[in-house]
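Encoded as structure tokens, the structure appears first; notes follow it.
The values are calculated or read from the model by the stated rules, or taken from the named source; none is laboratory data. Values in this document were obtained by computation on a predicted structure and should not be read as measured data. Here the Cβ is made from the backbone with ideal geometry for all residues, glycine too, and neighbour counts use every protein chain on show. Protein only, heavy atoms only, side chains kept; ligands, DNA and RNA dropped before computing areas. Shrake-Rupley method; radii C 1.70, N 1.55, O 1.52, S 1.80 Å.
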Amino acid sequence: MKGYRKKLDIAVIGAGVLGLAATEALARRGVYAMCFDGRTPGQGQSGGRTRTFRHRHDDPDVVRMAADSLALWRAWEQRSGRTLIGGEGAVYSGMTEADAAGLLTHGVPHEWVDGDKAATAFGPLAPLSAPLLVDPTAGAIRTRTTIEVLRAWTSDRIANQDVHGVTVPEDGDGVELHTEDAIYRARHVLICAGTETPRLAAGVGIDIPLDQALHTRPHYRVRDRFLDSPLPCWVDRAGEFGETVYGSPIGTSGDFVVGLIGQGVDVDMNDGLPVGTEMEAHVRRLSTYVEKALPGLVPEPVGLRVCVMTKLPGGSDSLGVWTAPGVTAVTGHNLFKMAPLLGELLADSALGKGLPAEVRRVTEAGMASV
Ligand SMILES: Cc1cc2nc3c(=O)[nH]c(=O)nc-3n(C[C@H](O)[C@H](O)[C@H](O)COP(=O)(O)OP(=O)(O)OC[C@H]3O[C@@H](n4cnc5c(N)ncnc54)[C@H](O)[C@@H]3O)c2cc1C
């Protein structure tokens with residue numbers, strides 16, 4: 001082999017939460033995989049301080065995947081000795097019994113609360129007319145701690161290099177990765193490159209229809225008198241306060257992030273409109289919402305995070321895992337919570353095990369427009 005041509009068993013592209021989880025799952029199986037990322041691990045879509053772990057999804061198979069993932073989160077917590085998901089729970093408004101069907105099917109604990117009980121489920125919330133659905137085993141993911149733990153477990157396997165392209169060589173033996181200083185030939189490649197996954201996967205004939213848009217998440221300070229009251233993750237689908245919104249505490253910091261949910265609430269990066277103006281408008285809408293719906297928060301943002309959101313045609317809870325000979329690619333949205341489970345599935349796929357039927361079905365569903 002020429003000096004710039006190198007061999008690898010398994011390559012992972014991307015050191016976000018998914019690439020790190022897959023690298024860790026392979027390491028635990030005694031398999032060496034090199035994980036390529038030209039940037040600081042965990043600074044792509046996995047950046048920021050909090051994400052929601054919740055069980056409820058429209059698709060019952062995704063509810064089951066979330067429940068399986070939680071068991072694996074607990075194993076990560078046990079191994080690391082760190083809290084990775086807080087015990088805050090998640091509270092939803094605007095849900096019906098049908099929306100909770102997946103929770104019932106998969107035995108996920110949940111309850112309906114109203115009146116005084118609703119007030120004690122989420123201290124800073126204004127009264128709402130309909131009952132709230134509570135998922136007590138949900139919580140806020142400690143994203144930075146998670147990345148820190150995964151980096152510590154995989155530090156000897158991370159190569160600080162971007163992969164420019166992935167191709168099938170003419171002789172069909174393995175898969176080639178083109179990096180800054182070498183052409184690697186790997187037996188299997190896991191593409192976990194976030195926003196770049198569709199471009200890299202296209203090189204091996206995998207077509208992923210992924211939309212990208214900018215999403216604005218300001219955060220607000222919890223008023224002192226509410227600091228000791230329950231502060232769960234929040235999904236407001238009722239719209240009684242004029243918006244549909246999600247929210248999440250930032251650990252125990254006393255800050256709470258909120259973001260808009262629904263159609264047209266992300267900023268299209270290609271529509272030629274001034275991005276800043278749209279983002280400011282979203283912050284104003286969220287501050288008005290906080291004033292009405294969350295009187296326990298000070299309605300003046302104390303910080304902001306703007307991130308790229310990736311979405312499959314099936315909507316914001318859709319995800320997909322695609323395979324081609326020697327390659328597995330993963331993408332979707334709201335995948336932080338699924339990281340331990342997807343890490344296992346990706347590792348299995350790299351070692352020649354097929355994908356579970358429900359993951360293939362969920363992938364197909366994610367490709368269908370809603
Ligand atoms: C605003 C917002 C709110 C969210 N809320 C939630 C939530 O509440 N719950 C939840 O579960 N999830 C949530 N998510 C989604 C979740 O954060 C992402 O799905 C998850 O972090 C994706 O991880 P990843 O590893 O696939 O991608 P990333 O973290 O983006 O990692 C991809 C990595 O690939 C690297 N890379 C890219 N191109 C190349 C290349 N050519 N060569 C080498 N490396 C490359 C990048 O540098 C990056 O580090 C949210 C996301 C956003 C943006």
Query - Chain lengthening between Ala281 and Asp171 when straightened (0.36 nm per residue, less Cα-Cα) - result: 34.2 nm
Report task. Would you check the accessible area of Met34, probe 1.4 Å, heavy atoms only, in square angstrom rounded to 10? Result -> 40
Query raised in the report: Cα convex hull of the range 233-337: how many Å³ per residue?
Result: 140
Query raised in the report: For the range 215-293, what % of the accessible area comes from carbon and sulfur atoms, probe 1.4 Å?
Result: 49
Query - Hits among aspartates and glutamates - C-alpha to C-alpha of Lys6 under 19 Å, sequence gap 8 or more where chains match - result: Asp37, Asp156, Asp162, Glu170, Asp171, Asp173, Glu176, Glu180, Asp181
**Report entry** P(r), alpha carbons of the range 118-164 - 10 Å bins starting at zero, rounded %
**Finding:** 18, 27, 19, 16, 16, 4
Report summary line: Across Arg74, Arg64, Arg217, the residue with the highest GNM fluctuation in the chain (Cα network, 10 Å cutoff) is Arg74
Query raised in the report: Is the shape of the range 18-116 best called rounded, prolate or oblate, per the rule: a/c under 1.5 gives rounded, else a/b larger than b/c gives prolate, else oblate, with a ≥ b ≥ c the square roots of the Cα gyration tensor eigenvalues?
Result: prolate
Query raised in the report: Can you give me the relative contact order of the range 196-267 as a percent, contacts being Cα pairs under 8 Å and 6 or more apart?
Result: 31
Requested in this report: Select from Ala130, Ala21, Ala193 the residue whose mean-square fluctuation is largest in a Gaussian network model of the chain (Cα-Cα springs shorter than 10 Å).
Outcome: Ala130
Report summary line: Looking only at lysines whose Cα falls under 30 Å of Lys7's and that sit 8 or more positions away or on another chain, we get Lys353
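Taking the Cα centre of the chain as the origin, how large is its charge dipole in debye, to the nearest 20, when only Lys and Arg (+1) and Asp and Glu (-1) carry charge on their Cβ atoms?
1060
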Query - For the range 1-137, accessible area per residue (1.4 Å probe, heavy atoms of protein chains only), Å² - result: 43
Query raised in the report: Extension gain Asp181-Ala101, at 0.36 nm per residue separation less the Cα-Cα distance, in nm?
Result: 23.6 nm
Query raised in the report: Hey, could you pull the Cα Rg and Dmax for the range 124-262, both in Å?
Result: 21.9, 68
Report summary line: Under the rule rounded for a/c under 1.5, else prolate if a/b exceeds b/c, else oblate, using alpha carbon gyration tensor axes a ≥ b ≥ c, the range 154-220 is classed as oblate
Report summary line: In degrees rounded to 10, the 0-90 angle between helix 17-28 Cα long axis and the longest Cα principal axis of the chain is 60
Report task. Quick one: grab the alpha carbon gyration tensor of the range 228-293, order the square roots of its eigenvalues as a ≥ b ≥ c, and give me rounded if a/c is under 1.5, else prolate or oblate depending on whether a/b is larger than b/c. Result -> prolate
Query - Reachable lysines from Lys311, criterion Cα separation under 22 angstrom, eight or more residues apart if same chain - result: Lys337
**Report entry** the range 293-339 and the range 95-119: distance between their alpha carbon centers, rounded to Å
**Finding:** 23
Query - Helix 60-80 axis, angle to the chain major axis (alpha carbon atoms, nearest 10°) - result: 80
Report task. Any chance you could give the angle, 0 to 90 degrees and rounded to 10, that helix 339-350 forms with the longest Cα principal axis of the chain? Result -> 20
Query - Residue of Gly19, Gly38, Gly139 that the Gaussian network model of the chain assigns the largest fluctuation, springs spanning Cα pairs under 10 Å - result: Gly38
Report summary line: For the chain, Rg(Cα) over 2.2 N^0.38 Å is 1.01
